[in-house]
Every structure is written in structure tokens, then in C-alpha cells.
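First up is the structure itself, then whatever we jot down about it.
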Amino acid sequence: MVAYKIRLPAQGFLPRHCTATLSYDASRIVDMESNSSSPDASIDAPESHRRARIRRWLLLAAGLALLLAVMREVLFPFRGQDYIEISHGDHSHYVPKDRDPDVSISNFPTSPPGPGERILPDGRVARE
């Protein structure tokens, strides 16, 4: 271990005469000409760094999965159904994909269509 004591000139927030001790470990020096390091410097990253890296990747993957699930819901709200459930106060209305925009949500049924039934664009339920 080598230590150097230096004196820094007064600059802004430093006191008038400030001294600092700089030190370095000679066993960790890299030879820039041969681009090799001493044997002590070739130690692998500690296990905690690997775990942190794995945790970071898992969180990134979970966040991406959540984003994809939300985007799927936004882009494909009907998911194979001919209607969607829309909350309207304390109840829900079932509205078809091809809804007539001039018809109020209140005109659509509050229960899903049964087997063999479908909701028309004007809100009526008809047999197929």
C-alpha cells in the first residue's frame, strides 16, 4: 500500500489549506502496455453482484410481462367475444363491438347474452 499526502489550494467550498491522503493498492494495478493485470486483480464478481444482476433481469422481465398484458388488454379489449362489459354506476352494461355510437350505453342489456343470443348494435338482444 502506497500513500501520498497532497496539499490542495483553496477553491470555493474548501478551507484555505486542505490536505488529503491518497492511497492505492499496488497489487491491483493494471499494466497498460500488456493489458494484463496482477493475479490478485482477476477475482470474479462477488456472489451478491451476481444475485443483484439476476434480480434486476427478473424484475425487468416481470415489468415487460406486465406491460405486454396491459397493452394486450388495451389493443384487444374484446378477446374473442362479440361484446364488452362496461361499468355504468353500480351496474354493468354489455355492449357489442359494432355498437351504434348514437345509442346511449343505458340502452344496452345489463346481463350478458345467453347461448345462441347476440347483442345488436342498437342494444336489443336477438337469437342467432
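The values are calculated or read from the model by the stated rules, or taken from the named source; none is laboratory data. These numbers come from a predicted model, not from an experiment. Cβ coordinates were reconstructed from backbone atoms using ideal geometry, including for glycine residues, and neighbour counts include every protein chain displayed.
Among the residues of region 105-123, those that are without any contact (Cβ under 8 Å) to a residue 12 or more places away in the chain and surrounded by fewer than 12 Cβ atoms within 10 Å (Cβ to Cβ) comprise GLY114, PRO115. Yes or no: region 72-82 includes at least one residue that is without any contact (Cβ under 8 Å) to a residue 40 or more places away in the chain and touching a Pro at 6+ places or on another chain (Cβ under 8 Å). Yes, there is a match, as at least one residue in region 72-82 is without any contact (Cβ under 8 Å) to a residue 40 or more places away in the chain and touching a Pro at 6+ places or on another chain (Cβ under 8 Å).
Table: residues versus (1) surrounded by fewer than 10 Cβ atoms within 10 Å (Cβ to Cβ); (2) part of a loop (DSSP other than H, G, I, E, B); (3) at pLDDT 80 or above.
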position: ARG16; (1), (2), (3): yes, yes, no
position: LEU22; (1), (2), (3): yes, no, no
position: LEU58; (1), (2), (3): no, no, yes
position: GLY80; (1), (2), (3): yes, yes, no
position: ASP100; (1), (2), (3): no, yes, yes
